[in-house]
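**Student:** My questions will all concern the structure given below.
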Amino acid sequence: MRILIGAAVAALLAAPASAGWFVNYENAGVQNTTAGFTTSGVETFEGQTVGSAANFVTDFGTGGAIVATYSGGRIDNANQYGSAQGSGKHVVTFSNMAPIDINFTTTLPEGLTYFGYWLSALDGGNRLEFYNGATLLASVTPGSVTGDIGACPTSYCGNPNPPFLGQNGGEPYAFLNVYFTGGDTYDRIRIYQVGGGGYESDNHTVGYYTSIGGVPEPATWAMLITGFGLVGMAARRRKGVAVHALA
């Protein structure tokens, strides 16, 4: 269920109070972001050759505003483990395969503050890291995902797409939104696998975000509640000052 929020709460969501990063998730079965952007683009891997390494350059359909060089991994056809909407292609890597490295350049003066992707068949070996130069900014682990959407069985578990509907019911499928705040920006992403299984993903979405999509994670709700309290306190204080001034 989409939760509607007022302007004050939207402002809090659009500008998280502390620097760093956070993750939230679209509703179960949603395979693209609902966030808002000044500039954004999506790589769907449809132009790549199945069975080959993911070695290519893309501008995500932005006309050159955001450009990335991909290397490593492999392009696969849709199967029970990967591909948004159950069709087309996706990218995957395994522990015995080179990580998927994505190096970015952009003409956006703000830099890149958002990355979203269709994460399918999440398993315990999936790893996602964000860098600015040599500095590790964020690491998204399976525990951080299942800690919010829950371990299976939940509404996120199993492939939601025909012709694979319900298959692989022991693993979550979700669209992840990763947001950077407080001036942090990334210029490199690494996707890799530890141990058995594979790391499948699709609909890689990049950009500079202006509003937040998905269902807020618990930490975001805590921030919102705090925001409501601060707004209420400010209103009471303003009222108190006004009464005092009239006395």
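**Student:** Kindly list, by first and then second residue, each pair from a residue in segment 190-206 that is farther than 25 Å from V67 by Cα to a residue that is open to solvent by 10 Å² or more (accessible area, probe 1.4 Å) and part of a strand (DSSP E or B), limited to pairs with Cβ atoms under 7 Å and residues at least 6 apart or on different chains.
**Tutor:** Matching pairs, first to second residue: V194/R127; G198/F94.
**Student:** If you go through segment 68-87 one residue at a time, do you hit one that is aromatic (F, W, Y) and open to solvent by 20 Å² or more (accessible area, probe 1.4 Å)? Before you say what the answer is, go through the steps one by one.
**Tutor:** If we filter segment 68-87 for residues that are aromatic (F, W, Y), which is where we start, we get 70, 81.
Narrowing the set further to residues that are open to solvent by 20 Å² or more (accessible area, probe 1.4 Å) leaves 81.
Yes.
**Student:** Within segment 102-128, how many residues turn out to be open to solvent by 10 Å² or more (accessible area, probe 1.4 Å), in a strand (DSSP E or B) and of a type in the set (A, V, I, L, M, F, W, C)?
**Tutor:** Total meeting the criteria: 1.
The values are calculated or read from the model by the stated rules, or taken from the named source; none is laboratory data. A quick note: this is a predicted structure, and the numbers were derived from the prediction, not measured. FYI the Cβ positions are ideal-geometry reconstructions off the backbone, even for glycines, and counts take in every protein chain you see. Areas reflect the complete protein model, heavy atoms only, side chains present, ligands, DNA and RNA absent. Shrake-Rupley method; radii C 1.70, N 1.55, O 1.52, S 1.80 Å.
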